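Let me begin by presenting the structure, written as structure tokens, before commenting on it.
The values are calculated or read from the model by the stated rules, or taken from the named source; none is laboratory data. The model shown is predicted, which means the values in this text are computed figures rather than measured ones. Methodologically, a virtual Cβ is constructed for each residue, glycine included, from the backbone with ideal geometry; neighbour enumeration extends over all protein chains shown.
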Amino acid sequence: MEKNDYIPLFESKAAKWRGVYCFYAISMAVSISLICIHRVIHFPHQHGLTRWTWIGISMAELWFIIYWIITQFVRYRAVSRYTFKDRLSRRYEDDLPRVDIFVCTADPQLEPPLMVADTVLSVMAYDYPPEKLSVYLSDDGCSDMVFYALYEASKFSRVWLPFCKSFNVELRAPKAYFSAVKQVPSDDPTFAKEWREVKKLYNEMEAQITDIMKLGRVPDHLRKHHKGLREWELGVSRSNHHTILQVLIDRRGTKEVDIEGKPLPMLVYLAREKRPGYPHNFKAGSMNALIRVSSTISNGPIILNLDCDHNSNNSQSVREALCFFMDDEQGHDIAYVQYSQCFDNITRNDLYGSSLRVPNEVELLALDAHGGPLYIGSCCFHRRNALTGKKYKKGSLINWKQVNEIQEPERENLLEEIAKFANCSYEENSSWGKEMGLKYGCPVEDVVTGLSIKCKGWRSVHFNPGRKGFMGVAPVTLLSTLIQHTRWSEGNFQIFLSKYCPLIYGHGKIPIQLQISYLCYNLWGANCLATLYYVTIPTFCLLKGINLFPQLSSNWILPYAYVLLAKYTYSLGEFLRCGGTLKGWYNDQRMWLYNRVTSYLFGFCQTIMRYLGFAKLDFAITGKNVDGDVIKRFEQEIMEFGEASSMFTILATIALFNLLTSISIARSIIIKKPATDLDSCALQIILNGVVIIINLPLFEALFLRKDQGCMPTSVTCQSIILAVLAYMLGY
Ligand SMILES: O=c1ccn([C@@H]2O[C@H](COP(=O)(O)OP(=O)(O)O[C@H]3O[C@H](CO)[C@@H](O)[C@H](O)[C@H]3O)[C@@H](O)[C@H]2O)c(=O)[nH]1
Ligand SMILES: [Mn+2]
């Protein structure tokens, strides 16, 4: 093709709001420098506690400053991407590549099979030639109920796909569609008739799967429906079973068509072999098994990786992603296109801060501008070559026509033969999990894999279209949110301490801005100590009459006040600009604190314990099928405690200690005790007040609420004792 024939398939726009940002960043930098000067020249002369607490607070602030600088690297630039799907169709409609879609599930109790079926149906229904789509489900739970749900989904797809395509239904996850469209949506009698029929079939499928779940197994009379179910008769347990590989829809056959006679996407079920003594490496292990198995079945050069709790929300996503990979000039070095992770169960004020608003709308855009947003494990399209570990060679261009012609795998491969790729001994003495495929040994296998892909010369792209590509399920309780963040902070901190530390591993391979941007996540866990210090020691010093901040009447208060105001105003502005509410921001600040003093602390400690050999890697799956009162409270934005957890003890102790102190200080102010000099301890009092305001819902759960989600008595007792002890120590 001639150079001047080139028509871009996507465009990139840099952000506009840099002026405001520059003012903020420069003024913050000046104030921070003044704070540092204040800390040095007012270093206390007296020995003992005063000096030590001063050293402590200076260290904590130094950490915050370093971390603040790092977070500026995911702020000062931004790029947004826009695709031209019509150009893609015009140029490549006949040469569109095969696309393999991997969906991972791991536990039928925590991840309801109906949800898995829904996700699978949503991606089968993409607006894409079905003969080029293959959907693979990896079931780490090895459950016949999941298999049965998939079998039901394969039957339902025969009506669902033509229905979506003929009536341009955009929401192609049936559950999401029927909850959004509860009544017959149109006067058109053909549509109304079909809508009713499809809904009836969906309800039947739903009822069937729900019944099986209630029963806890597939009943005998249903076993005969699919030969694949016989596999479970051979004695299968979750952690000890042979490989089960079943093709539910084989597009190579002629019979596999929908009710209109059109071909269907291929649908494959895989439960890789698990044996005691063989590490299965969690999700990374199942992705690698899928990569190998799919390479001999469909071998699509593009792979979409989805968690079972993220369904497609936009029928055009495959085409959009291809606009990046297939762009003649800018596309050849793109290894993956990461879509924003969005969630459809977020309440208005997002109580647990799970919407990833700021990362999606700000941080990932900056990472993109630096050449490579993170791979965050789901909603990500990959180039197969890059994912399996190939390096990018400059000037290597892909001929999409050839890819389709040449790499069609052998048709006569027997399933048994392919299944060996998923055997647990297959990876012994191989480079899978190290140089090939997703990396093992890290709770955020995705982040470390993405980093390593970029260090092999590839680039990545972040995409956040107006109509979101995917919708996921965010945790609905405080504890599951904190556990999720523990896993994330642990994995990220582990990367920092390992040979994959972006500063070392990425040195000379990726831009320095990108290395530092990665640190923003890698160092999440490290925030715990400084934050813990800040919410306890200044309060403690209030009781002791030690002043850690300048007096209200001194000019030195100005930089402190400015930093506080500017930081929070900016963060609020950023939050609102990304579509959040004021109360949502308040909730976000609470989660900021809670994550830092519990999840990050646990993540930080666990990483260190693992280095010392005291702990083993684990992957705590987030529960997705919570219902009853818990879900009601979630919808009403009432914070869920309920379970006795040491994390809650930490939170309640901090809150109660601050409360006790504030009562005691208020008392001394009222009786005008000379030791409490308001002028000197104003900032400490403000800090103490902020901690209390942030914790209002927690106090409610401790003292006022009576529902099942209130603070468990054991936690209340423990934290009261601890808080009183701390208070007495200071008093
Ligand atoms: O042994 C396992 C454990 C988990 N999973 C799957 O991994 C996915 C993510 O698990 P989930 O419990 O939903 O964790 P989240 O915290 O919601 O996941 C986020 O964080 C993970 C890394 O910690 C990423 O892998 C995910 O893509 C990202 O959405 C799910 O589809 C699971 O079925 C497996 O396949 N095998
Ligand atoms: Mn999830």
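Odds and ends about this structure:
- Search result, residues across segment 110-143 that are away from ligand 1 (no atom under 12 Å from the Cβ) and in a loop (DSSP other than H, G, I, E, B): Ala125, Tyr126, Asp127, Tyr128, Pro129
- In segment 608-633, the residues that are within 30 Å of Cys717 (Cα to Cα) and within 16 Å of ligand 1 (Cβ to nearest atom): Ala620, Ile621, Thr622, Gly623, Val626
- Residues satisfying the stated conditions in segment 447-468, i.e. within 14 Å of ligand 1 (Cβ to nearest atom) and touching a strand residue (DSSP E or B) at 6+ places or on another chain (Cβ under 7 Å): Gly450
- Within the set Ser239, Ser186, the sole residue that is modelled with pLDDT of 90 or more, surrounded by 11 or more Cβ atoms within 10 Å (Cβ to Cβ) and either in contact with a Pro (Cβ under 8 Å, 6 or more places away or on another chain) or among the polar types (S, T, N, Q) (or both) turns out to be Ser239.
Conditions tested, residue by residue: (1) closer than 30 Å to Ala153 by Cβ; (2) loosely packed, with under 14 Cβ neighbours inside 10 Å; (3) in contact with a strand residue (DSSP E or B) (Cβ under 9 Å, 6 or more places away or on another chain); (4) at pLDDT 95 or above.
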site: Met1; (1), (2), (3), (4): no, yes, no, no
site: Cys22; (1), (2), (3), (4): no, yes, no, no
site: Ile41; (1), (2), (3), (4): no, yes, no, yes
site: Gly56; (1), (2), (3), (4): no, no, no, yes
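- Thr649 within 21 Å of Gly603 (Cβ to Cβ) and in contact with a Leu (Cβ under 6 Å, 6 or more places away or on another chain): no
- Test result for Lys420, more than 15 Å from Tyr375 (Cβ to Cβ) and within 20 Å of the chain's Cα centre (by Cα): no
- A search for C-beta distances below 7 Å between a residue of segment 89-114 that is in contact (Cβ under 8 Å) with a residue 40 or more places away in the chain and any residue that is assigned to a helix (DSSP H, G or I) and acidic (Asp, Glu), counting only pairs 6+ apart in sequence or on different chains, returns Leu114/Glu206.
- Among the residues of segment 462-475, those that are over 14 Å from the mean Cα position of the chain (by Cα) and either within 16 Å of ligand 2 (Cβ to nearest atom) or surrounded by fewer than 24 Cβ atoms within 10 Å (Cβ to Cβ) (or both) comprise Asn464, Pro465, Gly466, Arg467, Lys468, Gly469.
- Only one entry of Gln494, Gln484 meets the criterion of being within 16 Å of ligand 2 (Cβ to nearest atom), touching a residue at least 12 places away in the same chain (Cβ under 8 Å), in a helix (DSSP H, G or I) and buried (at least 19 other Cβ atoms within 10 Å of the Cβ), and that entry is Gln484.
- Filtered residues of segment 286-322 (kept if at pLDDT 95 or above, of a type in the set (S, T, N, Q) and either within 16 Å of ligand 2 (Cβ to nearest atom) or assigned to a loop (DSSP other than H, G, I, E, B) (or both)): Ser286, Asn305, Asn311, Ser312, Asn313, Asn314, Ser315, Gln316
- Taking each residue of segment 368-379 that is under 14 Å from Ile495 (Cβ atoms) and looking for partners that are among the aromatic types (Phe, Trp, Tyr) and away from ligand 2 (no atom under 16 Å from the Cβ) with beta-carbon atoms closer than 6 Å, six or more apart or interchain, yields Tyr375/Tyr336.
- So Lys255, is it under 23 Å from Leu133 (Cα atoms), over 31 Å from the mean Cα position of the chain (by Cα) and charged (D, E, K, R): yes
- Every listed requirement among (1) among the aliphatic types (A, V, I, L, M); (2) buried (at least 23 other Cβ atoms within 10 Å of the Cβ); (3) over 30 Å from Lys274 (Cα atoms) is met by Leu356 save one, (2).
- Every test in (1) under 30 Å from Lys583 (Cα atoms); (2) away from ligand 1 (no atom under 15 Å from the Cβ); (3) out of contact with any Gly (no Cβ under 8 Å at 6 or more places or on another chain) is passed by Glu361 save one, and that test is (3).
- Pairs, first under 25 Å from Pro219 (Cβ atoms) in segment 130-151, second in a strand (DSSP E or B) and of a type in the set (S, T, N, Q), C-beta under 6 Å, six or more apart: Asp139/Thr105
- The number of residues in segment 97-109 that are touching a Gly at 6+ places or on another chain (Cβ under 8 Å), within 22 Å of Leu161 (Cβ to Cβ) and more than 9 Å from ligand 1 (Cβ to nearest atom) comes to 4.
- Residues in segment 687-708 that are farther than 14 Å from Glu640 by Cβ and either among the basic types (Lys, Arg) or without any contact (Cβ under 8 Å) to a residue 24 or more places away in the chain (or both): Val690, Ile693, Leu696, Phe703, Leu704, Lys706.
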